[in-house]
Amino acid sequence: MTVTASLVKEMRDRTGLGMMECKRALVETGGDIDAAIENMRKSGQAQADKKAGRVAADGVVAVASASDGKAHLLVEVNCETDFVAKDENFVAFADLVAASALGARQTDINALGGLEVAGGGTIEQARQALISKVGENVQLRRLALCEDPDSQFAVYQHGVRIGVVVQYRGGDEQLGRDLAMHIAASRPVCVQESDLSPELIAKEREIYAAQAADSGKPAEIQQKMVEGRIRKFVGEVTLLGQPFVKDPDTKVEKLLKAAGAEVIRFVRLEVGEGIEKQEADFVADVMEQAKP
């Protein structure tokens, strides 16, 4: 059977794959489109394995919320480039993952692949199909579930790269939105000083002590320098200690007290945090993808 342009287009419409990939698959099956699609599906795992070692530091943070507003889930789904991160197929996959994980109340990122999705199949099968379609490594990196029937929640997304969920009590919806936006902008690591690990404080104290020792000042002055820097550090990394972004003269702790509110917890995910990006060799990458 002759592989016509219309046949290639039909396969492309059915699979979303590139024209050349569709033509190559059709040639291999003598124009049998169903067999070609089946072969492409079978090769999905091989393609996924081939790309699995490539750094995926771009992507999106997708958010799913329960209808009653008492449960929210954030998930970071990674790809290799900003171009694919904007692809509608990639974004739809991230939204599917978030909705499926929320529906199952899943908190283990390693168990996500086995979840069944609407329309049949699993998240892992959908991931492999997406890799074949977009030609990049796609990874499920991390997720966070926030759920409590007795709390209020605020959700904020900055584009598709930052997602925030704040769990709080007291105050109103505007306060929740303000807190979520503040957390997105100011990057606190925890709510209050007691949430900081003793190991982290000890490490910072060690660094500041070494810096103070280099000053050559008397020991008692060095001690005051260290304690002052510790207080500054705590104020910078804790939500309660930070200046409120909409009113820098007011600390978040004071804002909450005035509203009779408290923050129980928050989750902030930003795409690519902690991932070391590799410098791309464009020519080598093209040659690699051109291999059969």
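The values are calculated or read from the model by the stated rules, or taken from the named source; none is laboratory data. Values in this document were obtained by computation on a predicted structure and should not be read as measured data. All Cβ positions, even for glycine, are placed from backbone atoms using ideal geometry, and neighbour counts span all protein chains on display. Calculation scope for accessible area: heavy atoms of the full protein, side chains included, ligands and nucleic acids excluded. Shrake-Rupley method; radii C 1.70, N 1.55, O 1.52, S 1.80 Å.
Packing order of peptides 179-188, 69-78, 243-252, highest average first: 69-78, 179-188, 243-252 (average count of other Cβ atoms within 10 Å over each peptide's residues). Accessible area per residue for the chain, computed on protein heavy atoms with a 1.4 Å probe, is 55 Å². Over all distinct Cα-Cα pairs of the stretch 140-235, the Kirkwood formula returns a hydrodynamic radius of 16.4 Å.
Of the heavy-atom accessible surface of the chain (probe 1.4 angstrom), what whole percent is carbon and sulfur? Solvent-exposed carbon and sulfur of the chain make up 51 percent of the total. Mean-square fluctuations from a GNM of the chain, with a 10 angstrom spring cutoff on Cα atoms, peak among V61, V27, V134 at V27. The ellipsoid that matches the Cα gyration tensor of the chain has semi-axes, each √(5λ) in whole angstrom, of 48, 25, 14, with the longest given first. Within the chain, DSSP assigns beta bridges of which about 95% are antiparallel (rounded to the nearest 5). Pairs to check: K9/K133; K203/K257; K217/K251; K203/K232. Give those whose C-alpha atoms are more than 22 Å from each other in this structure. Long pairs (Cα-Cα over 22 Å): K203/K257; K217/K251. Descending by average beta-carbon neighbour count within 10 Å, the peptides 167-177, 259-269 line up as 259-269, 167-177, the highest first.
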